[in-house]
Amino acid sequence: MMYVRFPLSLGNVEDLLHERGIDVSKETVRFWWNRFGPMFAAEIRRKRASRMRAYSNWQWHLDEVFVKINGETHYLWRAVDHQGEVLESYVTNRRDRKAALKFLRKTMKRYGNPHTIVTDKLRSYGAAMKVIGNAGRQETGRWLNNRSQNSHLPFRRRERAVPRFRRMRSLQKFVAVYGSIHNHFNQERAFYSRDNFKLNRTAALSEWQGNRIWPILCLTD
């Protein structure tokens, strides 16, 4: 949780655990998040997907940012809903219609069809939506997509703690885990009173601690 949720390097997590009397190497931390991270993320995603599919006025925000992998430019596509929840993250080496179409199909297969899709004016979105048949649901505007653009900020802070990403596969795995765990602990404190925020934060942490047991049981079995 410390490595994926906070902008810390593997060495930072090793030092913090050492201060708490836990003697592990950073490679152990790397193994932990690689082994258990996808399990936690899949469980969080499953619960949210089943709940949000029933929302009749569901609005998505789509955007993409540049990411360097071994010095080469790649694109990180992200779908965010109207509440700021990260729905899907997808890494490609192009920003054309084919990449946008694959990203949309992957997201819609998991979450269904939204009521409205807000994008920037990249032509790849419009071309992909014509193929899918939901071009009439697309909305574009200068300020309409701030929700998605702001969702990249936590990832950018996290990216600075990593020297570099070496492969598309490892970046894809990390952003999938990071997005789900960020959703779990994202309490939108600006919209709650301090008392309610503390209750929600405690509930999220308790649920997380409870979910940590079943992957360990699976391994022991």
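The values are calculated or read from the model by the stated rules, or taken from the named source; none is laboratory data. Computed from a predicted model, the values in this text were never measured in an experiment. We place every Cβ from the backbone using ideal geometry, glycine too, and count neighbours over all the protein chains shown. The accessibility values were calculated without ligands, DNA or RNA, using every heavy atom of the protein model including side chains. Shrake-Rupley method; radii C 1.70, N 1.55, O 1.52, S 1.80 Å.
Got a sec? Which helices (runs of 4 or more DSSP H) wholly within region 1-102 have at least 1 residues that are touching a helix residue (DSSP H, G or I) at 6+ places or on another chain (Cβ under 9 Å) and under 30 Å from R137 (Cβ atoms)?
26-52
Looking at (1) open to solvent by less than 50 Å² (accessible area, probe 1.4 Å); (2) at pLDDT below 75; (3) in a helix (DSSP H, G or I), which is the one condition that is false for S180?
(2)
Might you let me know whether region 120-138 holds any residue that is in contact (Cβ under 8 Å) with a residue 60 or more places away in the chain and buried (at least 20 other Cβ atoms within 10 Å of the Cβ)?
Yes - at least one qualifying residue is present in region 120-138.
So which residues in region 54-97 are in contact with a Leu (Cβ under 8 Å, 6 or more places away or on another chain) and of a type in the set (V, I, T), if there are any at all?
Residues satisfying the conditions are V65, V67, I69, V80, V91.
What do you reckon, is N70 open to solvent by 70 Å² or more (accessible area, probe 1.4 Å), among the polar types (S, T, N, Q) and more than 26 Å from K130 (Cα to Cα)?
Yes, satisfied.
Conditions first: (1) out of contact with any helix residue (DSSP H, G or I) (no Cβ under 8 Å at 6 or more places or on another chain); (2) open to solvent by 40 Å² or more (accessible area, probe 1.4 Å). R110 passes all but one, so which condition is the exception?
(1)
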